[in-house]
Amino acid sequence: MGETSAGQVTVTLQRGELTVLIKNVPAQICENCGEYYLSDEITDQVLKQAEASAVKNAEVEILRFAA
């Protein structure tokens with residue numbers, strides 16, 4: 001693994017027929033391969049936003065990250 005630096009990424013989550021894209025998610029991004037890592041707190045927030053989309057019976061939803 002290379003060095004990581006703070007940045008923002010787009011996270012794509014899929015469950016069944018639901019696809020959720022969440023933009024501008026704070027992450028640590030590997031400078032070598034571009035893989036990103038989310039903190040536990042950010043992961044919890046991303047999953048809450050995705051669950052809200054699932055509750056609305058959305059099929060595809062594009063959101064901005066809400067802290």
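See the values below:
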{"quantity": "Evaluation of Ile29 against (1) part of a strand (DSSP E or B); (2) within 24 Å of Glu3 (Cα to Cα); (3) out of contact with any Asp or Glu (no Cβ under 9 Å at 6 or more places or on another chain) (one fails), failing number", "calculated": "(3)"}
{"quantity": "Candidates Glu31, Glu61, filtered to the one that is buried (at least 16 other Cβ atoms within 10 Å of the Cβ), among the acidic types (Asp, Glu) and in contact with a strand residue (DSSP E or B) (Cβ under 8 Å, 6 or more places away or on another chain)", "calculated": "Glu61"}
{"quantity": "Scan of segment 40-67 for residues that are closer than 14 Å to Asn24 by Cα and of a type outside the set (Lys, Arg), ordered by number", "calculated": "Ile42, Thr43, Gln45, Val46, Gln49, Ile62, Leu63, Phe65, Ala66, Ala67"}
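Every read-out reported here was derived from the displayed coordinates using simple, explicitly stated rules and does not represent laboratory data. Predicted, not measured: the structure shown is a model, and the values here were computed from it. No Cβ is skipped: glycine too gets one built from the backbone with ideal geometry, and neighbour counts run over all protein chains shown.
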